[in-house]
Each structure stands twice: as C-alpha cells, then as structure tokens.
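I have placed the structure first, in the form of structure tokens, so that the comments after it can refer back to it.
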Amino acid sequence: MIKKGTWVKIQDTILESGHRAPQLPEDTKKVPLIMWAKGYLQEDAKINEIATIKTLTGRLVKGTVMEVEPCYNHDFGAFVPELLEIGKMGRQELWGGEDHE
C-alpha cells in the first residue's frame, strides 16, 4: 500500500486512438493520447490502481498509479550509426576533413 502524501507518477488516457484528430499522421492516429503527471497522493493507493494526486501547481489529477517516487531519467536514445557519417560529412564540408576538430 502506498501512503497518502507519497510522491507518485500517474497515467491517464486522454483520447482513445479512434477519437484522435483526423489531420494527424497515420502512425500517430493509431495510438491513444496518454498523459503522465507527478504529484502527491491524496489517498492511500496501490500500483495500477486509480488515484488522485495533487501536482506542484495545485491541480488535482486522477489516473492510474504507475510509479512510486519517480526519478528523472533522460538519455539521447539508441545509437544511430548514420549520425557518425553525417558528422564526417560535416567536418569535410566545413574544414576539409576529420583532422580539423
């Protein structure tokens, strides 16, 4: 059981895939629009249970509890080999080769 007042991350589906705007790209229209929010639990809850949180801005938001005390994670994604080639091409165009960093 997660206690009231604990910092958590919740998730809620804002729009199902069938209700997305018609002008969106096809691959975007195929998936639901999902919201994530972080805040303090307003009542005791369990993971995967619907609960209300209070965000740092004071909003009350309801959604499914996904994570307790979530941390900030960031990276630049998976390795993309094409970017190495683009870097070489850019150095060649700008400075005449790889030796001029």
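Peptides 26-37, 3-14 ranked from most to least packed give 3-14, 26-37, packing being the mean of other C-beta atoms within 10 angstrom over each peptide's residues. For segment 6-71, the Cβ-based charge dipole about the Cα centre amounts to some 200 debye (Lys, Arg positive; Asp, Glu negative; other atoms uncharged). For the residue pairs Lys9/Lys29; Lys3/Lys54; Lys29/Lys62; Lys30/Lys54; Lys29/Lys54, the C-alpha atoms sit more than 19 angstrom apart in Lys9/Lys29; Lys29/Lys62; Lys30/Lys54; Lys29/Lys54. Remark: relative contact order (the chain) = 27 percent; criterion is Cα-Cα distance under 8 angstrom and separation of 6 or more residues. Shown here: the chain, whose C-alpha atoms stretch 63, 35, 23 Å along the first, second and third principal axes, sorted largest to smallest. Amide H to amide H distances under 5 Å link Asp44 with Lys4, where only residues 5 or more positions off or on other chains count and H is placed in the peptide plane.
Most tightly packed first, judged by the mean number of other beta-carbon atoms within 10 Å of their residues, the peptides 77-89, 55-67 read 55-67, 77-89.
Using only Cα atoms and rounding to the nearest 10 degrees, what angle (0 to 90) does helix 81-95 make with the longest principal axis of the chain? Compared with the principal axis, the helix lies near 50 degrees.
All of the numbers you see were taken from the coordinates with simple rules; none came from a lab. These numbers come from a predicted model, not from an experiment. When we count neighbours, we look across all protein chains shown, and the Cβ atoms used for this are built from the backbone with ideal geometry, even at glycine.
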